[in-house]
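Enquirer: Have a look at this one.
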Amino acid sequence: MPIENILSQAKAAMAKAVDHTIHEFNTIHTGKASPSMLESIAVEAYGSTMKLNEVAAITTPDARTLSIQPFDKSTQQAIEKAIQVANLGLNPVARGATILCPLPELSGERRKELVKMTHNLAEQGKVSVRAARREAMDTLKKMEKDKEISEDDQKRAEKEVQTQTDTFTQEIDALVATKEKELTQV
């Protein structure tokens, strides 16, 4: 396997870890309504468990309200129950065929909890980045041991993998700082 392939696989795995971290950050609400807050909620519908965005349209009529429009009226109660069970601090209110979820003001204590959750999610992202790094480094060491590449090539490639790791870790740190600023802003 060429060194370029190992480097590109490591970079792709690290980028995927950062993308996943970004997606997880989007599920944490900062006082502004975002459809991504509800997308992954599990709803019992049609005899199976489905994601909320598969059974309803989620919109934001204003900055502090989420509106859920079920594709099928028969799923409305299941959607309301799923939102309550998700423990997001939201209280769904049925208005005809639409479910409205006003976002409550975040208390100082809840903001601290969300910041802590953000840091935990960021650490999980960094662990994934480091796992991709370790996998690439192990592959490079094995290739050098099996005399597929020279020791100099191995060292150069390891340096490149470390540079990629540092870049993606710094990106996660920047994302955490931005999210923390959003959460602590009153």
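The values are calculated or read from the model by the stated rules, or taken from the named source; none is laboratory data. Computed from a predicted model, the values in this text were never measured in an experiment. A quick note on method: Cβ atoms are made from the backbone with ideal geometry, for glycine too, and the neighbour counts reach across all protein chains shown.
Enquirer: Go through SER74, SER40, SER67 for me and flag whichever is modelled with pLDDT under 85 and either farther than 27 Å from GLU182 by Cα or not in a helix (DSSP H, G or I) (or both). Don't jump to the end; show me each part of the working.
Expert: On the way: SER74 fails: modelled with pLDDT under 85; SER67 fails: modelled with pLDDT under 85.
Just a single option satisfies the conditions, and that option is SER40.
Enquirer: Condition first: within 28 Å of ALA17 (Cα to Cα) and among the hydrophobic types (A, V, I, L, M, F, W, C). Now tell me which residues in the stretch 86-127 satisfy that. Steps first, please.
Expert: Narrowing the stretch 86-127 to residues within 28 Å of ALA17 (Cα to Cα): 86-89, 110-127.
The answer is ALA86, LEU88, LEU114, VAL115, MET117, LEU121, ALA122, VAL127.
Enquirer: THR169 - would you say it is more than 30 Å from GLN76 (Cα to Cα), hydroxyl-bearing (Ser, Thr, Tyr), within 24 Å of the chain's Cα centre (by Cα) and not assigned by TED's automatic domain parsing to the domain that holds LYS81? Reasoning before the result, please.
Expert: Values: more than 30 Å from GLN76 (Cα to Cα): yes; hydroxyl-bearing (Ser, Thr, Tyr): yes; within 24 Å of the chain's Cα centre (by Cα): yes; not assigned by TED's automatic domain parsing to the domain that holds LYS81: yes.
Yes.
Enquirer: Additional query: Given (1) in the same structural domain as LYS11 (by TED's automatic domain parsing); (2) in contact (Cβ under 8 Å) with a residue 12 or more places away in the chain, identify the lone condition not met by LEU90.
Expert: It is condition (1) that LEU90 fails.
Enquirer: What number of residues within the stretch 113-155 satisfy the criterion of being basic (Lys, Arg), free of Cβ contacts under 8 Å to residues at least 60 places away in the same chain, farther than 24 Å from THR178 by Cα and part of a helix (DSSP H, G or I)?
Expert: 5
Enquirer: If the requirement is being hydrophobic (A, V, I, L, M, F, W, C), in contact with a Cys (Cβ under 6 Å, 6 or more places away or on another chain) and modelled with pLDDT under 90, which of these qualifies: LEU90, LEU114? Spell out how you get there, then give the answer.
Expert: Values: LEU114 fails: in contact with a Cys (Cβ under 6 Å, 6 or more places away or on another chain).
Going through LEU90, LEU114 in turn, the sole match is LEU90.
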